[in-house]
1. For the charge dipole of the stretch A:548-702, defined by +1 on Lys and Arg C-beta atoms and -1 on Asp and Glu C-beta atoms about the Cα centroid, which residue among A:LEU636, A:GLY585, A:GLY571 has the Cα displaced farthest towards the positive pole?
2. Let me make sure I get this right: for the stretch A:752-811, a, b and c are the square roots of the gyration tensor eigenvalues over alpha carbons, sorted descending. Under 1.5 in a/c it's rounded, otherwise prolate if a/b > b/c, else oblate. Which is it?
3. Treating only the Cβ of Lys, Arg, Asp and Glu as charged (+1, +1, -1, -1), what charge dipole size does chain A show about its Cα centre? Round to the nearest 20 debye.
4. Separation of the stretch A:257-331 and the stretch A:573-631 by C-alpha centroid, Å?
5. Quick check on packing: order A:363-371, A:333-341 by the mean number of other C-beta atoms within 10 Å, highest mean leading.
6. Per the Cauchy relation, a quarter of the hull surface: what is the mean projected area of the convex hull of the alpha carbons in chain A, in nm²?
7. Note down the relative contact order for chain A as a percent, whole number, built from C-alpha pairs under 8 angstrom at least six residues apart.
8. To the nearest 500 deg cm²/dmol, what mean residue ellipticity at 222 nm is calculated for chain A from DSSP H runs of n ≥ 4 alone, each contributing -39,500 (n - 2.57), summed and divided by the residues?
Amino acid sequence: MIYIHSEVEKKWQNYWQKKKIFTTSKNPKNKFYSLEMFAYPSGDIHMGHCKNYVIGDVYARFKMRQGYDVLHPFGWDAFGLPAENQAIKAGIHPEKSTMDNIRISDESLKSLGISYDWDREIISCLPDYYKWTQWMFLLLYKRGLAYKKEAYVNWCSGCQTVLANEQVIDDKCYRCEATVEKRKLNQWFFKITEYAERLLDGLNQLKGWQENVKIIQRNWIGKSDGCDILFKVAEKDITFKVFTTRPDTIYGVTFMSIAPEHSAIEDLISGSSHGATVRAYIKEATKKTEMERMEKEKDGIFTGCHVINPVNGEQVPIFVADYVLLEYGSGMVMGVPAHDARDFQFARKYDLPIKVVINPPDSKLEPSSMTDAYEEPGVMVNSGQFSGLESKKGITAVTNYFAEKKLGGTSVNYRLKDWLISRQRYWGAPIPIVYCDKCGIVPVPENELPVLLPRKIDNYVPKGKSPLGGVASFMNIKCPTCGSTAKRDPDTMDTFVCSSWYFLRYLDSKNDREFCSKQNADTWLPIDQYIGGTSEHATGHLIYFRFFTKVLYDAGYISVDEPATNLFNLGMILKNGKKMSSSKGNVVSVGKFVQEHGADVARLVIVFAAPPEREMEWSNEGVIGAERFINRIYRLVTESKSSIVKNKPLSISKDEETIFIKINQTIAKVTGDLESFKFNTAIAALWELLNELYSCKKNGTVFGYGIYAFIHLLSPFAPHFADELWSIIGEKDSLEKQDWLGYDKNYLKNIITTIVIQINGKVRSHIEIEGSITENIVKELAFKDEKIQRHLQDKKVKKLIYVPGKILNIVV
RNA sequence: GCGAGGAUGGCGGAAUUGGCAGACGCGCUGGAUUUAGGAUCCAGUUCCGUUUAGGAAUGGGGGUUCAAAUCCCCCUCCUCGCACCA
């Protein structure tokens, strides 16, 4: 007798839909917001994507069974490069291609029986969604958090657009792997840096986030405490502010470096004989990629100017050097060769003086014999009034000195940069900004949203300019303020903007007056369990959606300032050791697999093969195991359905006690494992119980109850199959409507306890004891034991160590 | 270079306030049943040792302990993140 999955799975999916089993409660008493990251619709989804949805589904179903009113929605991150590149490749308009992909992917998800409330599905490329993405832009603009500036940006020659920092990997584009160059462009930015401190601080309250992700975010934010110091230029009327974390080395400054892109350089070299060489150097430097600049030997060029060291009046030369980053601090660095590795190299190359101002605690440094900079703490020397101070105290003392003299003082810098959101691409939400000849930058009034993305466009393939710029009917409008001729912004927004707030739209997906009502937000927020992705999102989406949450909180639209209390990161599914992807040709199609083996088998393969957080290889062996599991259960249930017992047995006979204990232990184990995402060991426990049920006498109330309990426990993992078994044993409706099974605490301990007897830590024997166990009984039985006696011959017992109920170790 | 995580049978993986290493599955071996087996059932399966007795074993080396996969020190390799951040 073999289980036929195809009809059964369809039947239950229809049933769930008809009975609205997964429709979210309107008035939740005990809310639980369970969310999986939404997806890019690039082609049909494949098994590689499905781990996310299956793991999330098992958890959501478990929570439903525990009596929570679960919100479990899904949607599509439908704008952006992945969808657009795929459309261009196929030569199909992105809208058609995207919507087609969504349709077939929805089918795949439904065929897996994922418990989504499909009524709340969102698609970020549709106007009723991106209207609110544009609204978010305006909100940030109003709050001074969106601004435009000319900046060097990452330009991908393949995708013909700018990229955010985290979209550049080793100087290559994250989508097409073309080399990324620097271009100076006028672009929109979100001022995420203004939230740097709060983003950092908020991590401490996220107890339910994996430490790993929080560490990555901390590093990415990159807070460093230090001191600003003002340096006057000797030859010109210019003052520079320079950031340093080591003000204690101020007396060791022997030069100054400035980033090639720095706007003050022109002033420094104007009218100077150094102008030509400096300009040539800058030209060369800005041509290089970041990688090239990093890999070569540090170099620079003298500007002809000097700065005056404010502590001792010394004049030191200013160099332009391409290892200095414009974006960090003020784009200038004070060169202290004795105590900074980079400055040391630079000084040796150009024969600049090396001045030791920090000595190690118990030795003295000689500049001539140094082979490396000394960067550790130590004692300040050659430092005027500060000499003799321990360097840590020196940092404070020097900082205070500058603060008092109004020449600088305490300063904090972050590695985090503002978020560049303009994209010169067609497939995105248009930026709701108008450029009026008279009024300048004008935000589109809210009541004119959405700014519709024109469907008709001659050429959406990017060629270095925004495709929308060529659509006259879109570009040319009247200024909303004064009515004179104006133009729209031809750029679209980074998709990360769409995904920064999507979790809010689910709460009120059809609201056309607000992105989400305050009431719904208050009802459902925060996300109780967020599941998805790997840590690759740690510096992208997971920071951005925290940022948006804080902005919306500040603006009073929501009452939480962190979006998700718990975050679970998953490991990828691999096939032949590599990430599944259609370009690598190693995908397992959902549709085909479900047709052949069934959704429940797919689900079981995913949960049993490895712990969810670890990478797993998709293997045929796993499929065989899962199929065998299902058939074995099916056989047992159909053969014994007449003896099913639906209530916990009132009395348990002596010889049924063992199996009853096993049942209770399994309920406890599976419940605990579900709560902590150890789904693989939950399945192992079910296997154990199944084997146990097979080997016990196949009748009697306890056996019958065991099968009943088993079906319950199986249902989050293999919901179609479990509901089918549920009806086979004569029950009505779906298990989803049933409360999660409790267990009897009095039956968790085994009747027989095995005590391990060790001699000098080596296992020599076991004794089995039923009933109460005291140390004395154990000792008595141990010394009577034949094997133990043999080992104890001619030996003297020195010590006995007894661990109650576990071990007796005899030391001889 | 810095930061995080990891290394356990033929394979995926269990086991963490230190207490029987290898749960469960796959594979393999033997048996039963079957016209048949890539179905099913039963038994076995870390390695060495013919069996027994025993010994060895959780990447390698040292240590703490009655007792270490688990704690400490050193080393090797792998994965991920950051990477001139002044």
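1. A:LEU636
2. Cα axes put the stretch A:752-811 in the prolate bin.
3. In total the dipole reaches around 1040 debye.
4. 56
5. Ranking the peptides A:363-371, A:333-341 by packing returns A:333-341, A:363-371.
6. Over every viewing direction, the Cα hull of chain A projects on average to 47.0 nm².
7. Relative contact order, chain A: 14 percent.
8. Taking each H run of at least 4 residues, the total per residue is -11000 deg cm²/dmol.
Any read-out appearing in this document is the output of simple, stated calculations on the displayed coordinates, not a laboratory observation. Keep in mind that what you see is a predicted model, and the values were worked out from it rather than measured. Note that we place each Cβ from the backbone using ideal geometry, even for glycine, and neighbour counts take in every protein chain shown.
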